[in-house]
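The values are calculated or read from the model by the stated rules, or taken from the named source; none is laboratory data. What you are looking at is a predicted structure, and each value in this text was computed from that prediction instead of being measured. All Cβ positions, even for glycine, are placed from backbone atoms using ideal geometry, and neighbour counts span all protein chains on display. In case anyone asks, the SASA skips ligands and DNA or RNA and just uses the protein heavy atoms, side chains included. Shrake-Rupley method; radii C 1.70, N 1.55, O 1.52, S 1.80 Å.
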Amino acid sequence: MADNFEDDDDELFSVIVDEECGKETTTQKVAEKENFGDCSVPTTFPFPFEPYQIQTDFMRQLYICLQEGKVGIFESPTGTGKSLSLICGALTWLKDFQDNQRKELDAFLSESTKTNGYSQGGGGFDWVTEFSKRKEQEDRLSRAKQEQELIEQREKRLKNVQSSSKVTRGKRKFAQLEDDFSDLLKGSSIETQKAFNEDYESDEEKSAEWKENENDEDAHVTKNLCINEAVRKLKSVSFINDRCLELQQKKSKKNPGCPYRKQEILEDFRDRALLGLCDIEQLTTLGRETKTCPYYGSRLAIPSAEVVVLPYNTLLHKSTREASGVKLAGNVVIVDEAHNLLETVNSVHSVEVTGAQILRAHSQLSQYEVKYRSRLKAKNLMYVKQILFVLSNLVKCMGGKTGVPADKQNTGKSDVNLMTINNFLFEAKIDNLNLFKIRGILSPQSDQQEEKYQVAEVIPAMPVAVKETATFGVSMFLKNIGKAKTSDPIKEDITVDVVNRNKSTPVLNSPLMHIESFLQALTTANDDGRVVLSKQMLLSQSGIKFLLLNPAVHFADVLQEARAVVVAGGTMQPISEFKDQLFFAAGLQPDKLLEFSCGHVIPPDHLLSLTLATGPTGRQLDFTFQTRDDPHLLEELGRLVVNLCSVVPGGIVLFFPSYDYEQLVSVSWEKSGILGRIEAKKKIFREPKSAIQVEHVLTQYGDCIKKCQCRTTGGPTGAILMCVVGGKMSEGINFSDDLGRCVLMVGMPYPNLRSPELKEKIDYLNSNFPKDEAGRPAGQVHYENLCMKAINQSIGRAIRHREDYAVIILADQRYSRTSVSSKLPGWIAKHLYKMDAFPPALARVSKKEENDFQWWMLLLMFATDDFRDHL
């Protein structure tokens, strides 16, 4: 990163390159402020170019939200610089917050020095009260001095590292923007706490030895940043994790430890990592350069880091978050692309186990129990037996039995049964067990806890192909039970090839950790979740799924701990779901909620959004489940597309409710000849089901449009891309400029109402939430919202920058309903035209001339025979 620089007036400026405009601009970083109530808000913000007004408004509202410690819902259309506005606004607030903290700290220390650390009250002399006051003020003064010393030491350390690092001037100018932001990343710290996976003993059973080691650092098992080649060559993630843990055990001649995890080099890595913004690849490169473990080095940097980027599952899953050393207390949480936050919380905490997994876990744990029965403490042996009992009963619930391979067990008739958590526990005959207590033996740290308590200290080391020290407990046993070939079909089913584990052959991982997650889910409150028991013909295909119904129970701790929470997205509508199901249900008060939504940066005439109720021949466009397969309706849709191909340049993107329906439409058009008529005007591409083919199809689609634009003679004028709502091209793909001059949404992609999970969710919402203002049950509103969120994500693929323009057509008579159109993004709904007939709709699409007669002549020239006959 480039060095910082200051001007003559001692104010920090940043010179950057505006990538869109290709010109240099200078923006002042120290901005003037104006007051909003009790909050002083900057009037300008550091930005790589002159911000649009909506970007400034966005940052100002974000600043207020963070300053007042509120929960904010921010909606800014994709292509308006939402993420950049989040970064600039949040870092501006952070810098101001740190400056104010330093001023208050300096003022307190200065005042305390003048009064010798305390002030004596007047009147009578109560020496007890005075002593108490003096002691309290001395403690505050001591804490303030310590905080000041920590800040000074941290800044001094970073300056020393920065001055000694090989950072050269003269880098490309855009890199100076990063340098500008790096100046903000100094000062305060995000403190960390080490999270422990508690031993499976209850509180009263914990020994003194555990209490003495309570503050020791626990190892986290995810080692995706490992640079130790001797460990990386093990290939399997589970073996890499186990080997990493082994190297952290007590050092000896046989186990010298990991050379990349020495304290002095970890501290050097930490300081270097804090100099700038680093992603995973950059941290790995830094680790190789400094010969330091990037994983533990980056964890060591968390206390001083001010920006920590996390994936959804790490942030939203409390135990994972704490195991990563991330603390939310007093900090700001910003969730970008939060349109699916509700579904993500539910997904992260929903767990499904199959019959094969349960049977394999039972077999592995049974072998462990038999082999080490005489060497385990009686208490731990009891827990192992309880786990075996639970696994055996889960298999029985699915109509199977232990001792026979899952793919050889026929369970009879297929059936799906949905029940409450308590009913399932009763059905499985495990309602009398304390799952909170026994699930701990399967936790990732259980092996280490057994070693701490010398449970497995007499277990002999097991020889393996790779020279290494022994691991203790369940994990080591499971790694080695596959070495000896046996005629037992169950043992053959769960064989783990340890001898050949250096090869790239697939390795069968133990399912015990997955079982532990499922048992943890069963400890959820009875009203907040359901269990789906799915019996199939074979036990291997049967499964048990825990379904979370109330995401607020797992999001409440985020709201309670964090100073402020911001959820942002390009299409956050319908916002009512966020407020009711996630925020208010978690106990948030309405006055703590801040909402912000803005329009697009494009001029009004760059977007045309239409609802279309009828096709070219006047047939009603009704794509409900009952009528959408009608051949006449499919032909009408085909005629609509053919007419659009005549007036829309470049690319047209079609969205269908499902892959099956897209296939049905394609076959129908091919039989009727419509497909050939479309291909005469636009080349057709179809979204592949395989993710690895998506990039190839998109490249071909883009290349075709470019070639058509360069063609001076007749032929296709562009291309059509047939996509699926909720598919691989409905999110994260940009159809900017000629890639998406028209987006056509065919029908409304409502989810399958016959799904047991969806039906239970609807029933749960109807029972626990009130009706909306129109008198509709909460479950019905949720069902509609699922559809509208998918639509909003898909149609938001077009219009990606200020100069872009496109047409959005919603083809279904249901879109004309106010209850539907009101849930579209504001920047689309604001200019929505509800068209009952096709001719005036096509008139708007073709950008009619000032003279209507000229437009009609143009329209008749390009329209299809069917449409001319209808006119």
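Which net charge results when you count Lys and Arg as +1 and Asp and Glu as -1 among the other residues whose beta-carbon is under 14 Å from that of L316?
Net charge in that neighbourhood comes out at -4.
When you count, for each residue, the other Cβ atoms within 10 Å and take the mean per peptide, how do 357-364, 511-518, 774-781 rank with the highest first?
Working: 357-364: 25.0, 511-518: 20.6, 774-781: 15.6.
Top to bottom by mean Cβ count within 10 Å: 357-364, 511-518, 774-781.
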Just how many pairs of Lys in the stretch 666-741 have C-alpha atoms closer than 14 Å, counting pairs that are eight or more places apart or on different chains?
-> 6
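For every other residue with a beta carbon closer than 12 angstrom to the beta carbon of D580, add +1 if it is Lys or Arg and -1 if Asp or Glu, then tell me the sum. Before the final figure, lay out each step's value.
Values: positive: K579, K771; negative: E577, D772.
In short, 0.
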For the stretch 696-706, take each phi angle, set θ = phi - 60°, evaluate the Karplus expression 6.51 cos²θ - 1.76 cosθ + 1.60, and give the result in whole Hz per residue in order, putting x for glycine and proline.
-> 5, 5, 4, 5, 5, 4, x, 5, 4, 5, 5
Centre separation in Å (Cα based) which lies between the stretch 294-361 and the stretch 605-619 | 44
Which order do peptides 146-156, 758-768 fall in by mean Cβ count within 10 Å, highest first?
-> 758-768, 146-156
Send over a whole-number figure in Å² for the accessible area per residue of the stretch 736-817, probe 1.4 Å.
-> 39
Neighbours of F74 by Cβ distance under 14 Å: Lys/Arg at +1, Asp/Glu at -1, summed charge -1
Ordered by packing density, taken as the mean number of other Cβ atoms within 10 Å over each peptide's residues, highest first, how do 336-348, 130-142 rank?
-> 336-348, 130-142
Return the loop-located trypsin sites (Lys or Arg not before Pro) in the stretch 384-435 (DSSP other than H, G, I, E, B) with at most 14 other Cβ atoms within 10 Å of their own Cβ; answer none if there are none.
-> K401, K413, K429
Once amide H atoms are built 1.01 Å from N in the peptide plane, which residues 5 or more positions from M729, or in another chain, come under 5 Å H to H?
-> V724
For A719, residues with placed amide H under 5 Å, excluding near neighbours | G651, I652, K683
What is the calculated FRET efficiency for E773 to D629, with r their C-beta to C-beta distance and R₀ = 30 Å, to the nearest 0.05?
-> 0.25
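Run the accessible area of the stretch 734-832 with a 1.4 Å probe and give the carbon-and-sulfur part as a rounded percent. Please report the intermediate quantities before stating the final value.
Values: 1830 of 3870 Å².
Using a 1.4 Å probe with all protein chains present, the stretch 734-832 comes out at 47 percent carbon and sulfur.
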In square angstrom, what is the accessible area per residue of the stretch 263-401 with a 1.4 angstrom probe?
-> 42
Which listed pairs, of K771/K823; K401/K545; K371/K429; K103/K145; K759/K830, have C-alpha distances above 22 Å, in listed order | K371/K429; K759/K830
